[in-house]
Every structure is written in structure tokens, then in C-alpha cells.
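Each remark here refers to the structure printed beneath this line.
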Amino acid sequence: MEIEQVLDNALRKAAAIWVKPSGHEPRLVWALWRDGAALVVVGGTEQVVPGLADGVACTVTVRSPTTHSHLVDAPATARLTEPDDDTAKALEAARLNTRPVWDSVYRLEFA
């Protein structure tokens, strides 16, 4: 099975992923899988991911949504993005326990 298919299958169900920007420690973050990329919001009332910036190489670790065992490590590049209205609504809806207020949205694009 190709890594893209593994990522697609796992990230459709995953609520959280580990993100390790180059030169920094990994952080467990909530993310939204959309259009072949993981969207991560940072700042404001949301999570902090030291080292995450536009163009930064990252390693994304995904665990199995059913067994919680290690599934895959995948290289990605963070891209600062401005979400369109539909994506912003999807990000807000994905955050069930709070009303999210973020400073930045990064699209983690897989190599």
C-alpha cells in the first residue's frame, strides 16, 4: 500500500497527529485532513507548535485510529495558508469542545 493511501485512510479518522518541525521536538496536535493535506491551526486560543513556519520540513507521525499503534512517519512541508470559507467552517466544526480562535493555519503537504 502506498504511503499516500495509508495517510488518506488513517487521517480521515485521526483526530490528532504528531508533528515534528525540523530541529524541534514533536508535538501532539489536532489536525483536519482535507484535500490531501493535514491542516494545523496555531496561535490565538489554539495549540503552539515551536518551529512550525512556512516552508519548514516536518515529520508527521500517525497512529492507527483503532489500535493506537505506530502506523507511519511521513515527511511533509508546512505551507502557511489562508483558509477559504468552507475550510474555515470545517476547522471550526472539527473543534468540538471550544470555539477556535487561531493566528495561523498551516497546510502540511506530504512529499
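Based solely on its DSSP helices, what 222 nm [θ] is calculated for the chain when runs of n ≥ 4 H residues each add -39,500 (n - 2.57) and the sum is averaged over all residues, nearest 500 deg cm²/dmol? Working shown, then result.
Details: 2 runs with 19 residues, N = 111.
Result for the chain, helices only: -5000 deg cm²/dmol.
Once phi is turned into ³J(HN,Hα) by the Karplus curve 6.51 cos²θ - 1.76 cosθ + 1.60 with θ = phi - 60°, what whole-Hz value does each residue of segment 78-89 show in order, with x for glycine and proline?
Karplus values, whole Hz, x for Gly and Pro: 7, 10, 5, 9, 10, x, 6, 4, 5, 5, 4, 5.
Below 8 Å, C-alpha to C-alpha, sequence gap of six or more: please give me the relative contact order for the chain in percent.
Details: 206 pairs, mean separation 32.7, N = 111.
Normalised by residue count, the contact order of the chain is 29 percent.
If I take all pairs of Cα atoms in the chain, what percentage of them are more than 19 Å from each other? Kindly include the intermediate steps, with their values, before the conclusion.
Details: 2384 of 6105 pairs.
Across the chain, Cα pairs with separations above 19 Å total 39 percent.
Taking θ = phi - 60°, what integer Hz values does the Karplus form 6.51 cos²θ - 1.76 cosθ + 1.60 yield along segment 16-30, in sequence order, with x for Gly and Pro?
Ordered by residue, 3J(HN,Hα) equals 9, 9, 9, 10, 10, x, 3, x, 10, 6, x, 10, 7, 9, 7 Hz.
We did not get these values from a lab; they are worked out from the coordinates using the rules stated. On a predicted model such as this, the values are computed, not experimentally measured, just so you know.
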